[in-house]
Each structure stands twice: as structure tokens, then as C-alpha cells.
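The structure appears below as C-alpha cells.
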Amino acid sequence: MNRRFNIFPTLVYCVDCMDLVDDVESILKYAKWEEGNNISNDQKILFKYNMGLVGRIEDKINECLSEIEYEVPFKMTTCWFNQVRVNYNVREHYHTNSSWSSVLYFSKSVKDNSSITFCKRNPSINPLCNTKDIDMLMYGDVTFPANYGEMLIFPSDLSHAVQTNTNKETRYSMAMNFMPFGQCGMLDSFYDYR
């Protein structure tokens, strides 16, 4: 008898956030951009303009992650707007100094051809496989559509890239990072994130 166990999964959540898009979009007008930069300068922009929205997003994050049964909640630490101009993309990267990250697609210019790709590098010995079942993929790239009104939640150390924007206008989104809030670890690895 053969049995298969999926251990150490990479969790990516997709959350309906239509109730947040108008509030997020209303703050976009306060974003400041350096020439040629695709992220806004202020990484605390929601904290300045709508703390209630920060709390609502944290509630969605913690509700989504509740199945993991963390002992402490997660709090937003940074947030910023992204802009992907027409015919531009965002190179592969990951987020440091955070545990979970998310991206909220509030821009009405998001179309089916806008997407985010999560990447896990191939091992040094790489026999090709043909499975289409993402639960079976141990490495490679998996692309998710950037759907209007949705938020993707993923581990901060998961590499990701934004595909070329082939729409007719700049696409905006909001990215966020989250850290545990409270006591974590034990013995010599104990830390209180407050």
C-alpha cells in the first residue's frame, strides 16, 4: 500500500476583499513616487490615513490564518502602493523582516492578463515532471491571476514576480507585511514582538 503525505506545504491564500477596495483606493491619492520607482515612498501610508482600515485588514489576515492555530495574532508592520506601468513588470523578489505578506488588488484596471508568479527554485538534480496538480509541484513557478477585489496572502520568504502589464493603463495594488504580535519561541529563542 502506497501513501503520500504533503508535508511542509507552501500556503497561499486568496481572500475576497471587495469590501476594502474603495477605502484603499481613496488613499492612493496620497502616495508619493520617486521617478522610475514602482513602489510608493511611504511604507506606513495606511497608518497615517486610515487606522481603521489597518485593523480590518489585520482581521482578514488573522481569520484566514486561524486554521494554522497560531498562539499570537499578526499585525501589519508595513504597507505601500505598487504601480506597474504599461509594458513593465516587477522582478523576482521576496520580503525580509516579516512573516507573512499580502497584496490587495484594488485597481479597476486589473484584467485577466495581470498576474503574480510565485517561484521556488529547482533543485540541482531536476528530472522533468508533467503534473498540472499544484499540490504535487515541489518546485517551479505557479501563476495566480491578479483579480480585482482579491487579496493574496503568502509567506514573506516566498519569491514572487509580477508579470508584464499588457493592459492599457497603469495597474495599482497595495502590498503589506505582517509580524506576530506577542511572545514567540521558547527558552533561548524567546522573543516578545510588541
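Scanning the stretch 4-20 for residues that are aromatic (Phe, Trp, Tyr) and open to solvent by 90 Å² or more (accessible area, probe 1.4 Å) yields a count of 2. Checked against the criterion of being out of contact with any Pro (no Cβ under 6 Å at 6 or more places or on another chain), open to solvent by less than 30 Å² (accessible area, probe 1.4 Å) and more than 22 Å from Phe154 (Cβ to Cβ), the candidates Ile45, Ile27 yield just one match: Ile27.
Results for (1) of a type in the set (A, V, I, L, M); (2) under 20 Å from His95 (Cα atoms); (3) surrounded by 10 or more Cβ atoms within 10 Å (Cβ to Cβ), shown as yes or no for each residue.
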position	(1), (2), (3)
Lys32	no, no, yes
Gly36	no, no, no
Ile61	yes, yes, yes
Ser66	no, no, yes
Lys75	no, yes, yes
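Within the stretch 145-171, being part of a strand (DSSP E or B) and either modelled with pLDDT of 90 or more or among the polar types (S, T, N, Q) (or both) holds for Glu150, Met151, Leu152, Ile153, Phe154, Pro155, Ser159, His160, Ala161, Val162.
Scan the stretch 148-170 for residues that are over 25 Å from Ile68 (Cα atoms) and open to solvent by 30 Å² or more (accessible area, probe 1.4 Å) and the total you get is 7. Here the condition is being exposed (fewer than 14 other Cβ atoms within 10 Å of the Cβ) and at pLDDT below 95; of Thr96, Thr117, it holds for Thr96 alone. All told, Phe106 meets the bar of being open to solvent by less than 20 Å² (accessible area, probe 1.4 Å), of a type outside the set (Asp, Glu) and not in a strand (DSSP E or B). Listed here are the helices (runs of 4 or more DSSP H) enclosed by the stretch 1-102 that have at least 1 residues being of a type in the set (Ser, Thr, Tyr): 21-27, 45-49.
Residues that are farther than 18 Å from Val15 by Cβ and of a type in the set (Gly, Ala, Ser) do not occur anywhere in the stretch 66-75. Residues being of a type in the set (A, V, I, L, M, F, W, C), open to solvent by 90 Å² or more (accessible area, probe 1.4 Å) and out of contact with any helix residue (DSSP H, G or I) (no Cβ under 7 Å at 6 or more places or on another chain) are represented in the stretch 120-132 by at least one member.
The values are calculated or read from the model by the stated rules, or taken from the named source; none is laboratory data. Keep in mind that what you see is a predicted model, and the values were worked out from it rather than measured. In this analysis, Cβ positions are derived from the backbone assuming ideal geometry, glycine residues included, and neighbour counts consider all displayed protein chains. Accessible surface areas use protein heavy atoms only, side chains included; no ligands, DNA or RNA. Shrake-Rupley method; radii C 1.70, N 1.55, O 1.52, S 1.80 Å.
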